[in-house]
Structure formats: structure tokens, C-alpha cells
Amino acid sequence: MIALLLCELGNTKGKSNHVMMPYANALYLMADWYRQLWAESLGKQVDLSGETVYTGFTPIKALGTTDQHSQVQLYREGPNDKVFCFLEVQNFQGAGGDMTIPTGLGVEAIKYLEGKSMTTLLNAEKRATEYAFVESQRPNFTIKFPKIDAFHIGQFIYLWEMVTAYAGLMLNIDAYNQPAVETGKVATFGLMGRAGYEKHRTSVDKVLSPSRFTMGT
């Protein structure tokens, strides 16, 4: 279902940028993992028929609540070319425990927060951002973690591996190769003097002129 949603919105509605926004610091690296998987697997020049298609979607990571301030202005009022995936945690006990906001702080402006849990606050922030996106007609969906532990992280990884495989089928591309990455690898070998890769250094030096701008000079 997720693969169908993302491919349909990406191919027919122009939603070619896919943002993953976890509302938990402990899930931030999972957004990094998703970015590599989505970009490396689906960004392909040719399809399985040999046709040039330049297909794929651009994965972007954000962190709730931090990026509500640094990115959401763009996401709500900028180009409507994105789909948003929120990651929500229902119980933080498995990620180091929840925390209750102290009472008796003596600050009237934040008195309404006293005695409430950080889980409640984070999920209210997430729900409010979700509402703001709906108000701006920005498509989004939420994946909920009952808690953060090895079992649920494993489920998440398996889910996106399957989503990526199905997305590759829908795009008619090979989701399991990465030919574009190899050029940079062999060029690095040549530049660093690895035997057998001399021609790659020659190619780099031929294509790229020496840099004319050096910081600090």
C-alpha cells in the first residue's frame, strides 16, 4: 500500500520528494537509513526494457520537533511536490524512559504543560504538524511504533525493504543494483594511486580543471 501510494503520487501528481520525519531522536538514524535505501535502490537512468527513464524519488529527512521551525515553513508554503511520512512513538519506555514535566515551576506561560509527559507533548506536536499539512493539502501518513525496541525496528526495516522492492517493480527498474555509484569509487581509486586504475585518474584530470577557488587564500 505504501509503495503504491508513493509511486502513484510521485509519478502522476508530481510528488517526487519524500520526507521522513521521526518524532523521536532515537529514530533519526532510521531516517538516514531510509534515505540511502530509497535513493540507491530507485534512482535509475534506464528501466528493465532498456528505455531511458531517469526515474526515482528524492528522500529527505527531518526531525520533529526541531524541524518544525527550520523546514515546515517551506513544506507548507513552498512547492507542493512532497509526500511526508511521520514516525510516531506511543510509549518511550523502551527508548530510555518517558519524562514528566515538573510542577511548581512558577512560570505562568508554561503552567499548562506541568505534570504532562514528554510523550504527550511530542505526539501533540506531531499531530499539530500533521493537521497543518492537511490544512495546506500536503499528503502525509504516519507509521506508529508501539515502542522503540529491536523487534519494532526490525519490523520497520523489513517494511521498507519490501516497499522498496515493490516500488522497483512498479517503476519497472532493477532496485538491486547501483551502477551510478561505481564511477565515483573507481575514480577515487585512480586519484589515490591504486594499481590498475590509472586510466580513471587520467579521465578525471581530463574532465575536471584544477579548482580556481581555495578557502582561506
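The values are calculated or read from the model by the stated rules, or taken from the named source; none is laboratory data. Quantities reported herein were computed from a predicted structural model and do not represent experimental measurements. Every residue, glycine among them, receives a Cβ derived from its backbone with ideal geometry; neighbour counts consider all protein chains shown. The protein model used for the area step is the full one, side chains on, heavy atoms only, and it has no ligands, DNA or RNA in it. Shrake-Rupley method; radii C 1.70, N 1.55, O 1.52, S 1.80 Å.
Structure notes:
- Neighbour net charge for Y197 - beta-carbon separation under 15 angstrom, K R +1, D E -1: +2
- Probe 1.4 Å, accessible area per residue of the range 1-91, Å²: 49
- Gain on full extension, evaluated as 0.36 nm per residue between W33 and L169 minus their Cα-Cα distance, stands at 46.9 nm.
- Cα-based radius of gyration of the range 104-176 once divided by 2.2 N^0.38 Å, which approximates compact folds: 1.69
- Length gained on full extension, K13 to F141: 44.5 nm, using 0.36 nm per residue less the C-alpha separation.
- Of all stretches in the chain that contain no chymotrypsin sites (Phe, Trp or Tyr not before Pro) in a DSSP loop with at most 16 other Cβ atoms within 10 Å, the longest one is 1-175.
- Rounded to the nearest 20 debye, the dipole magnitude of the range 1-144 is 80 debye, with +1 charges on Lys and Arg beta carbons, -1 on Asp and Glu beta carbons, and the Cα centre as origin.
- Theoretical FRET efficiency, 1/(1+(r/R0)^6), r = Cβ-Cβ of Q73 and A124, R0 25 Å, to 0.05: 0.80
- Cross-link reach list, lysines versus K199, counting only Cα pairs under 18 Å and skipping chain neighbours closer than eight places: K185
- With helices as the sole contributors, the chain gives -14500 deg cm²/dmol at 222 nm; each DSSP H run of n ≥ 4 counts as -39500 (n - 2.57), and the sum is divided by every residue.
- Cβ-derived FRET efficiency at R0 41 Å, T202 paired with I157, nearest 0.05: 0.50
- For the chain, built as a Gaussian network whose Cα springs stay under 10 Å, the top-fluctuating residue of G196, G64, G184: G196
- Volume of the convex hull of the range 1-53 (Cα atoms only), normalised per residue: 98 Å³.
- Just checking the listed ones, R201, R138, R35: in the Gaussian network model of the chain with Cα springs under 10 Å, the one fluctuating most is R201.
- Computed extension length for M215-Y54: 54.5 nm, one decimal, from 0.36 nm per residue of separation with the Cα-Cα distance subtracted.
- Simple label model, 7 Å out from Cα along Cβ direction - K111 to R194, nm: 6.6
- Gyration tensor (alpha-carbon) shape descriptor, the range 67-147, a/c threshold 1.5: oblate
- Fraction of antiparallel bridges per DSSP, the range 37-160 only, in percent to nearest 5: 30
- DSSP bridge pairs, the chain: antiparallel proportion in percent, nearest 5: 15
- Residue among V134, V181, V107 with the largest mean-square fluctuation in a Gaussian network model of the chain, springs linking Cα atoms under 10 Å: V107
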